[in-house]
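Report on the following structure.
The values are calculated or read from the model by the stated rules, or taken from the named source; none is laboratory data. Note that the structure is a prediction, hence the values are computed from the model and not measured. Glycine gets a Cβ as well: all are built from the backbone with ideal geometry, and neighbour counts include every protein chain shown. Ligands, DNA and RNA are stripped out before the accessible areas are found, and what is left, the full protein with its side chains, is counted by its heavy atoms. Shrake-Rupley method; radii C 1.70, N 1.55, O 1.52, S 1.80 Å.
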Amino acid sequence: MAPRATVVSQYLSDIIINTPTYFSDYEMIGTNNSYTSADDSCAGSGVYDVLSNYTDNQMKVYEKVLHVFSAGNDGNYTCSPYPGFFATIKSGYQCSKNVLTVGAITDSLEVIANFSSRGPVYDGRIKPEIVATGVNIFSTRQNNTYGFNSGTSMSGPIVAGAVTLLNEQYRISNAGAIPKASVIKALLCNTAEDMGNPGPDFIYGFGSLNARRAVEAIKKGAYDFLEKPLDLNRLLITIRNAMDKSKLITQTQVLKNKVIVSTTTPSTNNITVPAGVRRLKVMLYWADTAAAPNAASTLINDLDLSVTAPGPVTHLPLILNASPANVNNNAVEGADHINNIEQVVIDNPAAGNYSINVNAFSLPYGPQEYVITYQMDMNGVTVEYPAGDETLVPGETEVIRWNAYGDETNSFTLQYFDGSTW
């Protein structure tokens, strides 16, 4: 995924323990963790324990390091009282609030792998946050060989590689500055391709990795990192000035993504939605303070997101029902007081001005820095692969991938040129 990256290899969780040293020595910005410390059973699932607490604490101190964890391969368990497959996320690291937990999907059919662990965790939070291909991945094996492997231990490294590439693109676009892990996590989750039930769910999280779209968000987005509390007028003036000076923010480019990091709460940020948008996704994310091990509720700082559409009509984040009987229900709009990641989704939004609102419900430790990012999926067809410049091997099967938005129930014609004819 990131063939020119410098890799530091450690045995199991030693990479987490040594993060302070490796950040100091190498400016390490991400880790892949394809292991678990929990029992291989339902008893080892869903618990926010001392390892979860340790990892969340560390990520608040080392804000530029994003730990990526494979969700686990316990999806075939039935953990009563939940129905089969659910509530099987591994305990410990995977249940941390600030890590990025990754599930696995099949390659060609793009459906959840039967072994992939699924949420919710014990306090009802969304896990995994994202999924990637994890079935029949051709990769390294022991004794300097290659072979096909399956598991969330394969999908996790794919996302960790994407984290590395996003960091590279961010540095290119921002004079060498290293992004905070919260920015990268928010971008990856909000640009993911929705799968399964509409909106977030306990199987696919916020969807399947779309690294191209996340990179576009960095290349074409406008960013403001405000480390000190600012009043709203100064915040909006700063954003407008940055947009005016960059000359990069055309109407089309602005639709892709904008990230604002601020300690100001409450705050309102305005965006313009043009005609032809199939789906507007707005995400709020913050790296939360670590909770006590085995706490019944792990959310410490509680922020609330809402989006006001023309009308006016106010939309709240999509929330899930974590009770065993309703764990597979579609997400519905409501106030989220469980997760430190919230997403508003508006299908076929009316053209006009929208307000993104962030309010503090509970901040026991003072101001909380947060990330807002928005994504507008435009009607039309985008070829994801091949994107150009790939080298294709004669005789090998290639899977053509595309996204199509707008009138999805209608058919259309796909044509490809084989070198002589269409």
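Quick notes on this one:
- Long-range HN-HN contacts of Leu66 with modeled amide H, under 5 Å: Gly30, Thr31
- Principal axis box of the stretch 1-50, alpha-carbon based, largest edge first, Å: 39, 24, 16
- Span from the the stretch 144-212 Cα centroid across to the the stretch 1-16 one, whole angstrom: 16 Å
- Anisotropy class of the stretch 24-162 from Cα gyration tensor, a/c 1.5 cut: oblate
- Given R0 = 56 Å, the distance between the Cβ atoms of Ala404 and Ser362 translates into a calculated FRET efficiency of 0.85.
- For the stretch 103-225, the per residue solvent-accessible surface stands at 35 Å², with DNA, RNA and ligands left out and a 1.4 Å probe.
- Pairs of Cα atoms farther than 29 Å apart, the chain, %: 44 percent
- Whole-Hz ³J(HN,Hα) from phi, Karplus 6.51 cos²θ - 1.76 cosθ + 1.60, for the stretch 139-152, glycine and proline x: 8, 5, 10, 5, 6, 6, 10, 10, x, 8, 10, 10, x, 5
- Within the accessible area of the stretch 19-87 (1.4 Å probe), percent carbon and sulfur: 51 percent
- Distance (nanometres) between label positions extended 7 Å along Cα→Cβ at Ala175 and Tyr11: 4.5 nm
- Comparing Pro310, Pro198, Pro157 in a Gaussian network model of the chain (Cα springs below 10 Å), the most mobile by mean-square fluctuation is Pro310.
- Per residue, the Cα convex hull of the stretch 7-100 amounts to 86 Å³.
- Only aspartates and glutamates eight or more places from Lys64 in sequence, or on another chain, were considered; those with a Cα closer than 18 Å are Asp25, Glu27, Asp56, Glu168, Asp224, Glu227, Asp288, Glu369.
- Label positions at Glu27 and Val61, each projected 7 Å from the Cα along the C-beta direction, are separated by 2.2 nm.
- In the elastic network of the chain, a GNM with C-alpha springs shorter than 10 Å, the most mobile of Ile319, Ile300, Ile372 is Ile300.
- Most mobile listed residue (Ser52, Ser24, Ser108) in the chain, GNM with C-alpha springs under 10 Å: Ser24
- For a 4.7 Å threshold on C-beta separation, the list of partnerless cysteines in the chain reads Cys95, Cys189.
- Label separation (Asn149 vs Ser297): 4.0 nm, computed from points 7 Å beyond Cα along the C-beta direction.
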